Every structure is written in C-alpha cells, then in structure tokens.
Amino acid sequence: MGALITSTARVEGPAPEAVIARDIIKRAAYVTPAFLLVAGLIWGMNGAFSAAYGLAIVVSNFALAAALLTWSANISAGLMMGAALFGYLIRLALIFTAIWLVRDAAWVVMLPLGLTIIIAHLGLLFWEMKFISASLAFPALKPSAVSKESSAQ
Amino acid sequence: MSILAQATEVVVDKATAQAIAGATNAGMAYGLAAIGPGIGIGYLVGQSVQAMARQPEAAGMVRTTMFLGIAFTEALALIGFVVFILLKFV
C-alpha cells in the first residue's frame with residue numbers, strides 16, 4: 001500500500017532540473033567558442049561545424065531530460081520513474097538518429113563530433129556539479145535574488 | 001574445420017568479412033554500453049523516489065542530485081555510443 005501511495009503521489013515543490021539545465025546551457029554558450037576554435041584548428045572548418053553539431057546534441061539532450069522529468073514529476077512519482085528510464089532510451093535513439101541523418105554529409109567529421117559529445121557532456125556536468133556541491137555544502141554562499149538586491153543597495 | 005574455413009573464404013572476401021566484423025563489434029559496443037547505464041538509472045531513480053517519499057521536505061535536493069546522477073550515468077552510454085560511431089563510420 002505504501003508503495004502505491006509513493007508511486008502515484010505528485011512530487012511537490014519547485015523543479016530543480018529546469019534550473020540545472022538552464023545553467024548548463026548557459027555554461028555551454030560560454031565554452032562553445034573554445035570548442036569551435038580547437039576543432040577548427042585541428043580538423044578545419046568541417047571540424048568546427050561538427051563540434052557545433054555535437055554541442056547542439058549535448059545541450060538538447062540536457063534540455064529534453066530536464067523537460068521530461070519536470071513534466072512527469074508534476075503528474076506522479078511513478079511517471080517520473082518511467083520518464084527517466086524511457087526518456088533515457090528515447091534520448092539515446094534521438095542522438096543516434098541525429099548522427100545517422102548527417103553521417104554522409106560533407107561537413108561532418110566523426111572524430112571531433114564524437115569527442116565533443118563526450119568532453120562537453122562530462123565537462124559541463126562536472127562544472128555544474130562543482131557549483132551545486134558548493135551550494136549544497138555552503139548554502140550561505142549560494143547567490144540568491146535577496147543577496148543580489150542587498151549588494152545593489 | 002579446414003573445409004569450413006575454405007568454404008568461408010570462397011563465399012566471403014576479406015573486405016566484406018572485415019565490414020561484417022566491424023558492424024558486429026560496433027553494435028555489440030553500443031548495445032553492451034547501454035545496458036549498464038539502464039540498470040544504473042533505474043536503480044538511481046527508484047532510490048530517489050523512495051527518498052522523496054520518506055522525506056518530502058528534501059525532495060528538491062534529492063531531485064537535484066538525481067538529475068546529475070542520471071546525466072553522469074548516461075555519460076557511460078554516450079561513451080559507448082561514440083565508440084560505436086567511430087568504429088562504424090571512421
């Protein structure tokens with residue numbers, strides 16, 4: 001009975017996934033020039049295009065994951081579990097399709113595309129995790145609207 | 001055994017055999033790499049929902065760490081996927 005209540009209950013409270021995804025997208029915008037520059041220097045113009053495509057895939061993946069979890073958590077915890085698992089499969093399939101569609105395109109170089117996906121995904125995650133760990137460990141240091149207002153005065 | 005090997009040589013040339021082996025290995029790499037993260041995400045989300053049910057006031061923190069955990073676990077599948085595309089297309 002307890003399990004039934006657990007799985008059908010709506011997850012209350014604000015959705016941190018959306019905030020994290022927005023944060024990651026913002027950080028991705030900061031590092032995009034660096035990725036394009038490195039890929040462009042090593043693999044040329046096509047490498048830069050491939051790196052940009054890889055970054056777009058990573059960012060879309062985060063955004064889609066956050067959107068799915070936020071939407072499903074508003075309905076029920078059970079649906080959130082389903083959305084997390086099937087979302088994982090769906091997102092892998094979407095990434096596969098996104099690469100399959102452009103595999104023969106003239107501007108695609110697979111090595112920078114693949115490397116960008118891995119490095120950007122892990123790099124952005126570690127960057128965000130560092131920020132979140134600091135916020136959780138030292139909540140007083142977490143930037144908030146109140147502290148911004150007080151510092152502006 | 002040698003007759004079988006000779007028959008295989010006659011039917012499938014070296015390039016085709018390499019292509020078949022490459023595709024099989026790439027598919028295996030992708031498929032096997034997706035199993036572990038699937039189990040991991042299932043376990044992670046299940047435990048997170050349990051934690052949220054036990055302590056609803058900590059739901060925000062649990063969801064934050066859950067989302068990061070899912071993304072980290074998914075990185076394993078992405079690495080397998082990149083190995084797949086490099087084996088298949090490069």
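Once you have a ≥ b ≥ c as the square roots of the Cα gyration tensor eigenvalues for the protein assembly as shown, tell me rounded if a/c is under 1.5, and otherwise prolate or oblate according to whether a/b is larger than b/c.
Verdict is oblate for the protein assembly as shown.
By how many degrees, between 0 and 90 and to the nearest 10, does the Cα long axis of helix B:59-89 differ from the longest principal axis of chain B?
The two axes meet at around 10 degrees.
Simple spin-label model, 7 Å along Cα-to-Cβ: residue A:136 to residue A:89 in nm?
Roughly 2.9 nm, to one decimal.
Determine the shape class of segment A:16-135: with a ≥ b ≥ c the square roots of the Cα gyration tensor eigenvalues, call it rounded for a/c under 1.5, and otherwise prolate if a/b is greater than b/c, oblate otherwise.
oblate
Nearest 10 degrees is fine. How inclined is helix B:2-11 to the longest principal axis of chain B, computing both from alpha carbons?
80 degrees
Among the trypsin sites (Lys or Arg not before Pro) in segment A:47-132, which ones are in a DSSP loop with at most 14 other Cβ atoms within 10 Å of the Cβ? Mind listing them?
Qualifying residues, ordered by number: A:103.
Rounded to the nearest 0.05, what FRET efficiency do residue A:41 and residue A:106 have when you use their Cβ-Cβ distance and R0 = 22 Å? Present the calculation step by step, with values, prior to reporting the outcome.
Values: r = 20 Å, r/R0 = 0.90.
Working from the Cβ atoms, E equals 0.65.
Please compute the contact order of chain B in relative form: average sequence separation of alpha-carbon pairs under 8 Å and at least six residues apart, divided by the residue count, as a percent.
Taking the mean separation of contacting Cα pairs over the length of chain B, I get 45 percent.
State, as an integer percentage, the relative contact order of segment A:16-135 based on alpha-carbon contacts under 8 Å between residues 6 or more apart.
It rounds to 36 percent for segment A:16-135.
No value in this document is a laboratory result; all are computed from the given coordinates. This is a predicted model, so every value here is computed, not measured. FYI the Cβ positions are ideal-geometry reconstructions off the backbone, even for glycines, and counts take in every protein chain you see.
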